[in-house]
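Read the structure below first, then the notes.
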Amino acid sequence: MSGNPKKEHLFKVLVIGDLGVGKTSFIKRYVHQFFSVHYRATIGVDFALKVINWDEDTLIRLQLWDIAGQERFGNMTRVYYKEAVAAMIVFDCTRQSTFDAILTWKNDLDSKVLLPNGEPVPCLLLSNKCDEPKDGNLSNPSFLDSFCKQEGFIGWFDTSAKHNINVSESATFLVKHILETT
Ligand code: GDP
Ligand code: MG
(Lines give C-alpha, C1' and ligand atoms only; values in the text may rest on other atoms or scores of the structure.)
(Ligands and ions follow the chains in the order given, each with its own letter.)
Protein backbone atom coordinates (compact mmCIF):
# COMPACT_ATOMS: atom_id res chain seq x y z
CA MET A 1 0.00 0.00 0.00
CA SER A 2 1.34 3.41 -0.86
CA GLY A 3 1.31 6.21 1.71
CA ASN A 4 -0.33 9.58 1.38
CA PRO A 5 1.28 11.92 -1.08
CA LYS A 6 3.55 14.42 0.61
CA LYS A 7 2.39 17.93 1.11
CA GLU A 8 4.69 20.25 -0.81
CA HIS A 9 5.41 23.88 -0.10
CA LEU A 10 7.39 26.39 -2.11
CA PHE A 11 8.65 29.26 0.02
CA LYS A 12 10.36 32.29 -1.43
CA VAL A 13 12.67 33.83 1.15
CA LEU A 14 14.64 37.03 0.57
CA VAL A 15 18.15 37.47 1.90
CA ILE A 16 18.94 41.17 2.14
CA GLY A 17 21.38 43.52 3.81
CA ASP A 18 24.42 45.60 2.97
CA LEU A 19 27.25 44.64 0.66
CA GLY A 20 29.84 42.33 2.19
CA VAL A 21 27.83 41.15 5.21
CA GLY A 22 27.93 37.54 3.99
CA LYS A 23 24.57 36.99 2.28
CA THR A 24 26.00 34.97 -0.59
CA SER A 25 28.30 33.06 1.78
CA PHE A 26 25.36 32.20 4.02
CA ILE A 27 23.28 30.91 1.10
CA LYS A 28 26.17 28.88 -0.31
CA ARG A 29 26.89 27.38 3.07
CA TYR A 30 23.26 26.48 3.68
CA VAL A 31 22.41 25.19 0.22
CA HIS A 32 25.72 23.76 -1.00
CA GLN A 33 27.49 23.12 2.34
CA PHE A 34 30.65 24.98 1.55
CA PHE A 35 32.39 28.26 2.20
CA SER A 36 34.79 29.91 -0.17
CA VAL A 37 36.55 33.22 -0.08
CA HIS A 38 36.61 33.27 -3.85
CA TYR A 39 33.02 34.14 -4.65
CA ARG A 40 32.54 36.27 -7.65
CA ALA A 41 30.08 39.03 -7.00
CA THR A 42 27.00 37.99 -8.89
CA ILE A 43 25.27 40.73 -10.76
CA GLY A 44 21.56 41.11 -10.34
CA VAL A 45 19.35 38.61 -8.63
CA ASP A 46 20.10 34.98 -8.10
CA PHE A 47 18.34 32.30 -6.16
CA ALA A 48 19.29 28.97 -4.71
CA LEU A 49 16.98 26.12 -3.94
CA LYS A 50 17.13 23.99 -0.80
CA VAL A 51 14.87 20.96 -0.67
CA ILE A 52 13.98 20.01 2.88
CA ASN A 53 12.37 16.76 3.94
CA TRP A 54 10.68 18.52 6.80
CA ASP A 55 8.81 15.54 8.18
CA GLU A 56 7.15 12.36 6.94
CA ASP A 57 4.34 14.26 5.26
CA THR A 58 5.96 17.51 4.28
CA LEU A 59 8.44 18.51 1.62
CA ILE A 60 9.63 22.09 1.47
CA ARG A 61 11.31 23.83 -1.41
CA LEU A 62 13.03 26.83 0.03
CA GLN A 63 14.04 29.43 -2.52
CA LEU A 64 16.64 31.79 -1.12
CA TRP A 65 16.84 34.97 -3.13
CA ASP A 66 20.21 36.65 -3.17
CA ILE A 67 20.97 40.12 -4.42
CA ALA A 68 24.21 41.47 -5.72
CA GLY A 69 25.48 44.73 -6.94
CA GLN A 70 22.34 46.51 -5.83
CA GLU A 71 22.97 46.57 -2.09
CA ARG A 72 24.41 50.04 -2.14
CA PHE A 73 21.01 51.53 -2.94
CA GLY A 74 19.40 50.06 0.20
CA ASN A 75 16.33 49.06 -1.77
CA MET A 76 15.19 46.62 -4.40
CA THR A 77 12.48 46.52 -7.02
CA ARG A 78 9.00 45.18 -6.35
CA VAL A 79 9.65 42.31 -8.75
CA TYR A 80 12.35 41.02 -6.42
CA TYR A 81 10.05 41.17 -3.42
CA LYS A 82 7.01 39.74 -5.20
CA GLU A 83 5.38 36.78 -3.45
CA ALA A 84 8.07 36.43 -0.82
CA VAL A 85 6.78 34.76 2.34
CA ALA A 86 9.69 35.67 4.61
CA ALA A 87 13.02 37.46 4.77
CA MET A 88 16.38 37.35 6.46
CA ILE A 89 18.11 40.65 7.01
CA VAL A 90 21.82 40.12 7.48
CA PHE A 91 24.37 42.43 9.07
CA ASP A 92 28.08 42.03 9.77
CA CYS A 93 28.59 42.11 13.54
CA THR A 94 32.10 43.52 13.07
CA ARG A 95 30.76 46.61 11.30
CA GLN A 96 28.23 48.85 13.06
CA SER A 97 27.36 50.64 9.81
CA THR A 98 25.82 47.45 8.42
CA PHE A 99 23.63 47.23 11.52
CA ASP A 100 22.61 50.87 11.11
CA ALA A 101 21.34 50.02 7.62
CA ILE A 102 18.95 47.32 8.83
CA LEU A 103 15.95 49.55 9.28
CA THR A 104 16.34 50.96 5.78
CA TRP A 105 16.14 47.40 4.50
CA LYS A 106 13.23 46.55 6.80
CA ASN A 107 11.27 49.61 5.67
CA ASP A 108 11.93 48.82 2.04
CA LEU A 109 10.74 45.26 2.60
CA ASP A 110 7.58 46.25 4.46
CA SER A 111 6.68 48.89 1.90
CA LYS A 112 6.98 46.53 -1.05
CA VAL A 113 5.60 43.19 0.03
CA LEU A 114 2.91 41.95 2.38
CA LEU A 115 1.50 38.52 3.08
CA PRO A 116 -1.85 37.72 1.44
CA ASN A 117 -3.50 38.54 4.79
CA GLY A 118 -2.00 42.03 4.76
CA GLU A 119 0.57 41.38 7.48
CA PRO A 120 4.28 42.16 7.02
CA VAL A 121 6.34 39.14 6.02
CA PRO A 122 8.15 37.47 8.93
CA CYS A 123 11.69 38.72 9.11
CA LEU A 124 14.67 37.16 10.89
CA LEU A 125 17.78 39.11 11.81
CA LEU A 126 21.19 37.49 11.27
CA SER A 127 24.30 38.77 13.00
CA ASN A 128 26.84 37.19 10.68
CA LYS A 129 30.62 36.75 11.13
CA CYS A 130 30.19 35.79 14.79
CA ASP A 131 33.57 34.05 14.48
CA GLU A 132 35.12 37.55 14.58
CA PRO A 133 35.28 40.12 17.41
CA LYS A 134 32.10 42.20 17.55
CA ASP A 135 31.61 45.92 17.21
CA GLY A 136 30.32 47.76 20.33
CA ASN A 137 26.68 47.07 21.27
CA LEU A 138 26.45 44.27 18.76
CA SER A 139 27.95 41.88 21.31
CA ASN A 140 25.09 42.53 23.71
CA PRO A 141 22.32 39.91 23.38
CA SER A 142 19.75 41.85 25.37
CA PHE A 143 20.29 44.87 23.14
CA LEU A 144 19.50 42.71 20.11
CA ASP A 145 16.53 41.10 21.88
CA SER A 146 14.89 44.44 22.53
CA PHE A 147 15.80 45.76 19.08
CA CYS A 148 14.00 42.80 17.50
CA LYS A 149 10.96 43.20 19.71
CA GLN A 150 10.75 46.90 19.00
CA GLU A 151 11.27 46.66 15.25
CA GLY A 152 9.11 43.62 14.57
CA PHE A 153 11.70 40.95 13.85
CA ILE A 154 10.73 37.40 14.78
CA GLY A 155 14.16 36.92 16.36
CA TRP A 156 17.89 36.96 15.73
CA PHE A 157 20.81 34.54 15.49
CA ASP A 158 24.55 34.84 15.71
CA THR A 159 25.76 33.13 12.55
CA SER A 160 28.99 32.30 10.85
CA ALA A 161 28.87 31.20 7.24
CA LYS A 162 32.59 30.66 7.53
CA HIS A 163 32.47 28.23 10.45
CA ASN A 164 28.97 26.92 9.81
CA ILE A 165 27.49 28.25 13.03
CA ASN A 166 23.68 28.51 13.27
CA VAL A 167 23.26 28.47 9.50
CA SER A 168 20.77 25.63 9.24
CA GLU A 169 19.40 26.41 12.72
CA SER A 170 18.36 29.91 11.70
CA ALA A 171 16.82 28.71 8.44
CA THR A 172 14.89 26.02 10.31
CA PHE A 173 13.65 28.58 12.82
CA LEU A 174 12.33 30.73 9.98
CA VAL A 175 10.67 27.81 8.17
CA LYS A 176 8.99 26.74 11.40
CA HIS A 177 7.62 30.23 11.77
CA ILE A 178 6.37 30.28 8.18
CA LEU A 179 4.62 26.93 8.63
CA GLU A 180 2.95 28.09 11.83
CA THR A 181 1.69 31.35 10.38
CA THR A 182 0.59 30.46 6.85
P1 GDP B 1 27.52 39.63 0.44
O2 GDP B 1 28.00 40.83 -0.32
O3 GDP B 1 26.58 40.02 1.54
O4 GDP B 1 26.96 38.56 -0.45
O5 GDP B 1 28.81 39.02 1.18
P6 GDP B 1 29.76 37.78 0.76
O7 GDP B 1 29.06 36.50 1.02
O8 GDP B 1 30.26 38.02 -0.61
O9 GDP B 1 30.92 37.91 1.83
C10 GDP B 1 31.68 39.08 1.94
C11 GDP B 1 33.01 38.76 2.60
O12 GDP B 1 32.82 38.35 3.95
C13 GDP B 1 33.78 37.62 1.92
O14 GDP B 1 35.14 37.94 1.94
C15 GDP B 1 33.48 36.43 2.80
O16 GDP B 1 34.52 35.49 2.74
C17 GDP B 1 33.38 37.06 4.17
N18 GDP B 1 32.47 36.32 5.07
C19 GDP B 1 31.21 35.90 4.80
N20 GDP B 1 30.68 35.25 5.85
C21 GDP B 1 31.62 35.26 6.82
C22 GDP B 1 31.66 34.74 8.17
O23 GDP B 1 30.72 34.14 8.69
N24 GDP B 1 32.82 34.99 8.87
C25 GDP B 1 33.87 35.66 8.34
N26 GDP B 1 34.93 35.84 9.10
N27 GDP B 1 33.87 36.14 7.09
C28 GDP B 1 32.76 35.94 6.33
MG1 MG C 1 26.63 38.60 -2.49
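The values are calculated or read from the model by the stated rules, or taken from the named source; none is laboratory data. Please read these numbers as outputs of a predicted model, since none were measured by experiment. Reconstructed Cβ throughout: ideal geometry from the backbone, glycine too, with neighbour counts over all protein chains shown. Heavy atoms of the whole protein, side chains included, go into the accessibility calculation; ligands, DNA and RNA do not. Shrake-Rupley method; radii C 1.70, N 1.55, O 1.52, S 1.80 Å.
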Pick from Leu49, Leu14, Leu59: which is most flexible by mean-square fluctuation in a GNM of the chain where alpha carbon atoms under 10 Å apart are linked? Leu59
Given axes a ≥ b ≥ c from the Cα gyration tensor, I'd like to know whether the stretch 37-157 is rounded (a/c under 1.5), prolate (a/b larger than b/c) or oblate. rounded
Could you check the simple spin-label distance between Phe173 and Leu10, using points 7 Å along Cα→Cβ, in nm with one decimal? 2.8
Roughly what angle does helix 141-151 make with the longest principal axis of the chain, taking Cα atoms, 0 to 90 degrees, to the nearest 10? 70
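Give me the percent of accessible area attributable to carbon and sulfur for the stretch 62-110, probe 1.4 angstrom. Please report the intermediate quantities before stating the final value.
Numbers: 1030 of 1960 Å².
The value for the stretch 62-110 is 53 percent carbon and sulfur by accessible area.
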With Cα atoms, 0 to 90° folded angle of helix 102-112 axis to the chain main axis: 40
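Compute the accessible area per residue over the stretch 21-168, keeping the other protein chains in place, probe 1.4 Å, unit Å². Walk me through the numbers before you get to the answer.
Working: 7470 Å² over 148 residues.
Normalised by residue count, the accessible surface of the stretch 21-168 is 50 Å².
Lys82 to Asn107: extension gain in nm, 0.36 nm per residue of separation minus the Cα-Cα distance? Working shown, then result.
Working: separation 25, 0.36 × 25 = 9.00 nm, distance 1.53 nm.
My answer for the length gained is 7.5 nm.
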To the nearest 20 debye, what is the magnitude of the charge dipole of the chain about its Cα centre, counting +1 on the Cβ of each Lys and Arg and -1 on the Cβ of each Asp and Glu? 460
Under a GNM of the chain (C-alpha, springs under 10 Å), which listed residue has the highest mean-square fluctuation: Ser168, Ser146, Ser127? Ser146
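Counting only C-alpha contacts under 8 Å and six or more residues apart, can you give the relative contact order of the stretch 72-153 as a whole percent? List each step's numbers first, then the result.
On the way: 93 pairs, mean separation 29.6, N = 82.
Answer for the stretch 72-153 is 36 percent.
Given an 8 Å cut-off on Cα distances and at least 6 residues of separation, report the relative contact order of the stretch 115-182 as a percent. Write down the numbers at each step before the final one.
On the way: 62 pairs, mean separation 24.3, N = 68.
It comes to 36 percent, rounded to a whole number.
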Spin-label point model (7 Å from Cα, Cβ direction): what's the Ser139 to Arg72 distance in nm? 3.2
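For the pairs Lys7/Lys129; Lys7/Lys134; Lys7/Lys82; Lys112/Lys134; Lys23/Lys112, flag any whose C-alpha to C-alpha distance is greater than 30 Å. Don't skip to the answer; put the middle values down first.
On the way: Lys7/Lys129 35 Å; Lys7/Lys134 42 Å; Lys7/Lys82 23 Å; Lys112/Lys134 32 Å; Lys23/Lys112 20 Å.
Too far apart for the 30 Å limit: Lys7/Lys129; Lys7/Lys134; Lys112/Lys134.
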